[in-house]
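Below is one structure; the comments refer to it alone.
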Amino acid sequence: MKLYGMGQSRSFRALWALEESGLEYEYIAVKTFTDADDPASASNENYLKLNTQGKVPTLVDGELILIESGAILNHIGRSAPAAGLIPEGDLAITARYDELCCFILTELEQPLWSNGKHRFALPEEHRIPAMLETATFEFAKAVATLDQLLEDNEFAIGNRFSMVDILLAQTFNWALRFEFKVPQKYRELRERHFQRPAAQKCLALVE
Ligand SMILES: N[C@@H](CCC(=O)N[C@@H](CS)C(=O)NCC(=O)O)C(=O)O
């Protein structure tokens, strides 16, 4: 598999998943928000053929091209079942897995991206400064909801590390980098999971 990514952006979760999975992969660093003439730019015409949005991550697995980080994590997990990164079990366990993935991708990270979009990502004429306060409000609400969804365990689901732990740790890492208020227990969660050898290896790779 080939993964195109940039630093500790959303592509980091895919890189980390690949490293945890034990699958062979190639990591290709691209640059976002750069001149399309730069061959390494996500806006370059060659990259746009893979990912029309000019965003990261992009995963290429043979003929298959995936451009959504959630789908990429699930594809990696299903390609390496022995790594156990997608919990298996009764309907309640798989439902909780689906719920947490969807919640993190649509509720918890959404205000972080709103903050990024209205600070630097959108063209200036589309930025709305008041969105920054709204994002802070929405993030606090999502964190409070997460308190209800998660039990006070080492891992999000059952007694083993899963894609949900990658999503949580990477999202709280993002929140801290954007200087959002993150409760101590989620700072500790980020710290604990980032200590894993796979995460440390990925950090070294993207630095
Ligand atoms: N829904 C996509 C979002 C991808 C995305 O927005 N990636 C950001 C980095 S975290 C990006 O490449 N931004 C560059 C841009 O907006 O031009 C996913 O989860 O993979």
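The values are calculated or read from the model by the stated rules, or taken from the named source; none is laboratory data. Bear in mind the structure is a predicted one, so any value in this text is a computation, not a measurement. As a convention, Cβ positions derive from the backbone with ideal geometry for all residues, glycine included, and neighbour counts pool all protein chains shown.
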Next item on the list: Answer yes if at least one residue in the stretch 119-127 is in contact (Cβ under 8 Å) with a residue 40 or more places away in the chain, part of a helix (DSSP H, G or I), not basic (Lys, Arg) and not assigned by TED's automatic domain parsing to the domain that holds THR34, and no otherwise.
Entry: yes
Check: Based on what the data block shows, is THR34 farther than 30 Å from LEU146 by Cβ, among the β-branched types (Val, Ile, Thr), free of Cβ contacts under 8 Å to residues at least 40 places away in the same chain and out of contact with any helix residue (DSSP H, G or I) (no Cβ under 6 Å at 6 or more places or on another chain)?
Finding: yes
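Residues that are among the aromatic types (Phe, Trp, Tyr): find the helices (runs of 4 or more DSSP H) completely inside the stretch 1-110 holding 1 or more of those. It would help to see each step written out before you state the result.
Numbers: elements: 11-21, 45-50, 69-79, 91-103.
So the answer is 11-21, 45-50, 91-103.
Can you tell me which residues in the stretch 127-177 are hydroxyl-bearing (Ser, Thr, Tyr) and over 21 Å from the mean Cα position of the chain (by Cα)?
First, the residues of the stretch 127-177 that are hydroxyl-bearing (Ser, Thr, Tyr): 134, 136, 145, 162, 171.
Scanning the stretch 127-177 gives a single hit, THR134.
Filter the stretch 15-31 for residues that are among the charged types (D, E, K, R) and touching a residue at least 24 places away in the same chain (Cβ under 8 Å) and give the result.
GLU19, GLU20, GLU26, LYS31
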Check: Of the residues PHE194, PHE103, PHE137, PHE180, which is aromatic (Phe, Trp, Tyr), touching a Phe, Trp or Tyr at 6+ places or on another chain (Cβ under 7 Å) and at pLDDT 95 or above?
Finding: PHE180
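Among the listed residues ALA140, ALA198, ALA175, ALA156, which satisfies the condition of being in a helix (DSSP H, G or I), touching a residue at least 40 places away in the same chain (Cβ under 8 Å), aliphatic (A, V, I, L, M) and under 27 Å from PRO81 (Cβ atoms)?
On the way: ALA140 fails: under 27 Å from PRO81 (Cβ atoms); ALA175 fails: under 27 Å from PRO81 (Cβ atoms); ALA156 fails: in a helix (DSSP H, G or I).
Sole residue among the options that is in a helix (DSSP H, G or I), touching a residue at least 40 places away in the same chain (Cβ under 8 Å), aliphatic (A, V, I, L, M) and under 27 Å from PRO81 (Cβ atoms): ALA198.
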Notebook entry, point to check: On the given criteria, is ALA95 surrounded by 14 or more Cβ atoms within 10 Å (Cβ to Cβ) and either outside the structural domain of PHE33 (by TED's automatic domain parsing) or not aromatic (Phe, Trp, Tyr) (or both)?
Noted result: no
Notebook entry, point to check: Quick one: is LEU66 outside the structural domain of PHE137 (by TED's automatic domain parsing) and more than 11 Å from the ligand (Cβ to nearest atom)?
Noted result: no
Check: Hey, does the stretch 176-190 have a residue that's of a type in the set (A, V, I, L, M, F, W, C), in contact with a Gly (Cβ under 9 Å, 6 or more places away or on another chain) and surrounded by 13 or more Cβ atoms within 10 Å (Cβ to Cβ)?
Finding: yes
Next item on the list: Tell me which residues, restricted to the stretch 1-26, are in contact with a Lys or Arg (Cβ under 8 Å, 6 or more places away or on another chain) and either more than 14 Å from the ligand (Cβ to nearest atom) or within 17 Å of PRO197 (Cα to Cα) (or both).
Entry: GLN8, GLU19, GLU20, TYR25, GLU26
